[in-house]
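Chemist: Here's a structure for you.
The values are calculated or read from the model by the stated rules, or taken from the named source; none is laboratory data. Please read all numbers here as calculations on a predicted model, not as lab measurements. Note that we place each Cβ from the backbone using ideal geometry, even for glycine, and neighbour counts take in every protein chain shown. These accessible areas exclude ligands, DNA and RNA; they are computed on the full protein's heavy atoms, side chains included. Shrake-Rupley method; radii C 1.70, N 1.55, O 1.52, S 1.80 Å.
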Amino acid sequence: MSNPKYQIIIADDHKLLSDGIELIIHENDLGQVAAKTSNGKELLETLTDLHADMVIMDMDMPLLNGLEAAEVLKLNHPNMKVLIISQHESLELVKRFFNLGVDG
């Protein structure tokens, strides 16, 4: 009996990056990409209808950025794993994410 696939949602407004992350997940059999969204608002709407084990999201997205989306996400889904992708080098920003319960 095989284990069920780990369900992952990718949230990034850059299609090239989200497609690349999806390819890495697929080629390394790390789980199944259950959905891809292009902004924080769409991510939160997707989570009302879809179960996921992990979200991989960009910090800089339209409508709701990664920090805003992570705050709502961790409030409503405290056990969900969240990984943030960012080009920001601010240690303060990293601390804010970890204070929200973001996993990496």
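Chemist: Please list 53-66, 16-29 highest first by mean number of surrounding beta-carbon atoms within 10 Å per residue. Before the final figure, lay out each step's value.
Modeler: Working: 53-66: 19.7, 16-29: 12.9.
Averaged packing, sorted descending, gives the order 53-66, 16-29.
Chemist: Top to bottom by accessible area (1.4 Å), largest first, where do Val33, Val82 land?
Modeler: Highest to lowest solvent-accessible surface, that is Val33, Val82.
Chemist: Separate question: Taking the Cβ of Asn79 as the center, what net charge do the other residues with Cβ under 12 Å away carry, scoring Lys and Arg +1 and Asp and Glu -1? Don't skip to the end; give the middle numbers.
Modeler: Details: positive: Lys74, Lys81; negative: Asp53, Asp103.
Result for the neighbourhood of Asn79: 0.
Chemist: How much accessible area per residue does the stretch 20-87 have, counting only protein heavy atoms and a probe of 1.4 Å, in square angstrom? Working shown, then result.
Modeler: Details: 3810 Å² over 68 residues.
Normalised by residue count, the accessible surface of the stretch 20-87 is 56 Å².
Chemist: Could you work out the equivalent-ellipsoid semi-axes for the chain, taking the square root of 5 times each eigenvalue of the Cα gyration tensor, largest first, in whole Å?
Modeler: Output for the chain: semi-axes of 21, 15, 14 Å.
Chemist: For Lys95 and Asp19 in one chain, what is 0.36 nm times their gap in residues minus the Cα-Cα distance, to one decimal in nm? If you can, show how the numbers build up before the last one.
Modeler: Working: separation 76, 0.36 × 76 = 27.36 nm, distance 2.81 nm.
Full extension of this stretch gives 24.5 nm more.
Chemist: Now, a different point. Convert each backbone phi in the stretch 57-72 into a coupling constant with the Karplus relation 6.51 cos²θ - 1.76 cosθ + 1.60 (shift: θ = phi - 60°), then list the ³J(HN,Hα) values in order as whole Hz, x for Gly and Pro.
Modeler: After applying 6.51 cos²θ - 1.76 cosθ + 1.60, I find 9, 7, 6, 9, 10, x, 6, 10, 6, x, 5, 5, 5, 5, 4, 5 Hz.
Chemist: Pulled fully out, how much extra length does the chain show between His51 and Glu27, if you take 0.36 nm times their separation in residues and subtract their Cα-Cα distance? The partial results should precede the final answer.
Modeler: Numbers: separation 24, 0.36 × 24 = 8.64 nm, distance 2.22 nm.
Gain in length upon complete extension: 6.4 nm.
Chemist: Still on this structure, I have one more. Whenever you get a sec, line up Thr37, Thr48 from highest to lowest accessible area (probe 1.4 Å, protein heavy atoms).
Modeler: The ordering from most to least exposed comes out as Thr48, Thr37.
Chemist: Lysine pairs, Cα distance under 24 Å, 8 or more residues apart or cross-chain: how many in the chain?
Modeler: 14
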